[in-house]
Amino acid sequence: MPKISRYIPIVGQGVIDELYFLGEKLEGRKIQNINSTAVGGGVAEILTRMVPLLKQIGVNACWDVIRGDEKFFTITKKFHNALHGVDIKISDDEYQYFLEVNRQNARDIESWGDVVFVHDPQPIALVEMKQRIKNKWAWRCHIDFTHPRSGIMNFLRSYIEQYDSAVFSAPAFSRDLRIPQVLITPSIDPLSDKNRNLSAKKIDSVLEKLGLEKSRPIVTQISRFDYLKDPMGVIKVYKSVKKYVDCQLVLAGGGATDDPEGMQVLQEVKDASVDDPDIHVFFLPPASDITINALQRASSVILQKSLREGFGLTVAEALWKGKPVIASAVGGIPLQIAHKYSGILTYSLEGTAYYLKQLLQDPGYASKLSANGREHIKNNFLITRHIRDYLLLFLSLYYRDDVVDL
Amino acid sequence: MIQPFYFKTRFHLVRLLTIKAKNPAELLAGIKIVPASSIYYHTHRFLRQHHYLSPEPPNDFAFWLTNILNLRELGELFAGIDTVSYRNMENLRAAFIKILEDYMTDHGSNVECAEAYKFHFMSCITFVLPTPYVANDPKEFVAILHKVSIDSLYFHIFEAKMRLERDENDFSAWFKDMGKVKTAAEVARIDPYTITLEGLRNKIIHIVSRNAED
């Protein structure tokens, strides 16, 4: 994990000084993060980086992981699907078992923080301890909460409303709740393998390995192979632009090989590209962060033509690398792109093709958009801003007014 | 004895109000009931988040009316509102209400957007923090203004006047207190809504430096 000082050349000394100041204001308070997995998945990834950085700025932060058996995680997977709108039956026994596991974990936790920061639904019922401990509780929802099924939502609501605050990643995820709700958007880490600077030599070697030509424009979409990412739509866009601008298309992403739908999408994409050697489809194994980084940096334009999206952090990753981005106005993408200021938002294949042609043929305009985009990400979507928002959230639990003089 | 100028800075924690609008009538209903901090948030968010852009995007209401509902005339009326001339958020709220009511009298509220594009009302909690920087005279003030964060500049220009309802921005008030009336007036005259924050910083530095010997 990098030292916090390594972020100074990126965000400036002032930003880091402010984090130390906010950290001081939490002196004497223990911040306890709780989730359900120590490795794998986005939440563990965030906490792995966030908790050590919080400690470096003087915050007494810790991280506990609840335990559960296969049955428990099968139930929470059902929760996850139901929260994404899937019509799935969850029995009373399953709800009961979920609560029993939460209560057993509550008994096993030896000490509690002054602030308990619970991530996602798996440990949500730990909040039953609040009455006894008399501390502050915040619940962080990392998942798309746009279309939850009413059954699971009603069950979770009875626990969410026991918290002092709930945190969502996008405005559309907020629900009618009787507690304050806060918007904290995700972030990217500029020092991670996926985002750190790469040498031209490294980028060239990746291009060579993948059979891409540096001398012709590369249009890229990084996403798993999923109908909701509309890779077939991207191929249509490319084909309509290719008539006017000679370019290469890269569709690259990972996915689980045991996901039958993902494999089907991948096959369809390969079939659709078989007659065009300039369409490159890469099914990337896990730990391909540097390859993704190099592909983004080598691209002339990056697309994210998703039909639905959670937050869509691939957009932030591309903008951070100073690339012009054309993306669908779905999920958290409009928070990352102000149309025609820091990128292009589109609503159709035709619109995407129109703007792609424009950006490929007018590098001056593309470069202005990408410069604005990088600056926007620097100011609003780096991990340092994310840490600051968490510090403000923890502090907000101790104040009631709209203006707080620290 | 002139008091030194203590530079402060500020941060926002964004609150989700779960009030949404899909057409001008719902936007009007929302504007009428949200807290003043929400009006502040939606008319100032772009300034901070996109402070490097020129021209800067307009306020959130104007952006949504123009780009989502495609109501260009109404969007332009919202974008063209002279924010700096309003004393506080309640006055600004009243101006928005009048624009919308007048518009709906003539045009109704027939245009609607899809669920995914609804306007979400938000507000913010403002945290005010001290900085280590203190200016005792205009020369020190200029030296410090070169290096403070844009959040600090933002706090003393926008937040002080519009959110905390002070009569003028903090810089003008301090120059007035020390008898630098011309500097105070020139800084007060800048319309900070039509310039980037870096542009604003440079303009204030220029004014203060030019008038240093007055």
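The values are calculated or read from the model by the stated rules, or taken from the named source; none is laboratory data. This is a predicted model, so every value here is computed, not measured. Backbone-built Cβ (ideal geometry, glycine too); neighbour counts: all protein chains shown. Side chains included, ligands, DNA and RNA excluded: accessible areas come from the protein's heavy atoms. Shrake-Rupley method; radii C 1.70, N 1.55, O 1.52, S 1.80 Å.
Which members of region A:74-103 meet the condition of being without any contact (Cβ under 8 Å) to a residue 12 or more places away in the chain and open to solvent by 50 Å² or more (accessible area, probe 1.4 Å)?
Passing the criteria: A:Thr74, A:Lys77, A:Lys89, A:Asp92, A:Asp93, A:Gln96, A:Glu100.
Applying the selection to region A:30-73, what residues are surrounded by fewer than 18 Cβ atoms within 10 Å (Cβ to Cβ) and assigned to a loop (DSSP other than H, G, I, E, B)?
Within region A:30-73, A:Thr37, A:Ala38, A:Val39, A:Gly40, A:Gly41, A:Gly58, A:Arg67, A:Asp69 qualify.
Check region A:108-116 and report whether any residue there is within 16 Å of A:Thr76 (Cα to Cα) and touching a residue at least 12 places away in the same chain (Cβ under 8 Å).
No, the conditions are met nowhere in region A:108-116.
Looking only at region B:107-134, how many residues end up being away from chain A (no Cβ under 14 Å) and in contact with a Pro (Cβ under 6 Å, 6 or more places away or on another chain)?
Going through region B:107-134 one residue at a time, the tally reaches 2.
Residues of region A:351-364 being open to solvent by 50 Å² or more (accessible area, probe 1.4 Å) and farther than 16 Å from A:Ser299 by Cα, which ones?
A:Tyr354
Pairs, please: C-beta under 6 Å, at least 6 apart or cross-chain, first residue within 21 Å of A:Ser306 (Cβ to Cβ) and of a type in the set (Val, Ile, Thr) and in region A:341-370, second part of a helix (DSSP H, G or I) and at pLDDT 95 or above?
A:Ile344/A:Tyr355; A:Thr346/A:Thr352; A:Thr352/A:Val237
Provide a single number: the residues in region A:374-397 that are more than 8 Å from chain B (Cβ to nearest Cβ), hydroxyl-bearing (Ser, Thr, Tyr) and touching a strand residue (DSSP E or B) at 6+ places or on another chain (Cβ under 7 Å).
The number of residues fulfilling the criteria is 0.
Sort out which residues of region A:120-136 are under 14 Å from A:Ala106 (Cα atoms) and open to solvent by less than 20 Å² (accessible area, probe 1.4 Å), and write them in order of number.
Matches in region A:120-136: A:Pro123, A:Ile124, A:Ala125, A:Leu126, A:Val127.
Identify all residues within region B:95-132 that are within 29 Å of A:Phe173 (Cβ to Cβ) and of a type in the set (D, E, K, R); write none if there are none.
B:Glu112, B:Glu115, B:Lys118
Out of the residues in region A:18-29 that are within 11 Å of chain B (Cβ to nearest Cβ) and open to solvent by less than 80 Å² (accessible area, probe 1.4 Å), which is farthest from A:Glu110 (Cα to Cα)?
Checking each candidate, the answer is A:Glu18.
Listed residues A:Ser367, A:Ser348; which is open to solvent by 10 Å² or more (accessible area, probe 1.4 Å), of a type in the set (Gly, Ala, Ser), more than 11 Å from every other protein chain (Cβ to nearest Cβ) and more than 24 Å from B:Glu198 (Cα to Cα)?
A:Ser348
If you check A:Ala338, A:Ala353, A:Ala327, which single one turns out to be small (Gly, Ala, Ser) and within 11 Å of chain B (Cβ to nearest Cβ)?
A:Ala338
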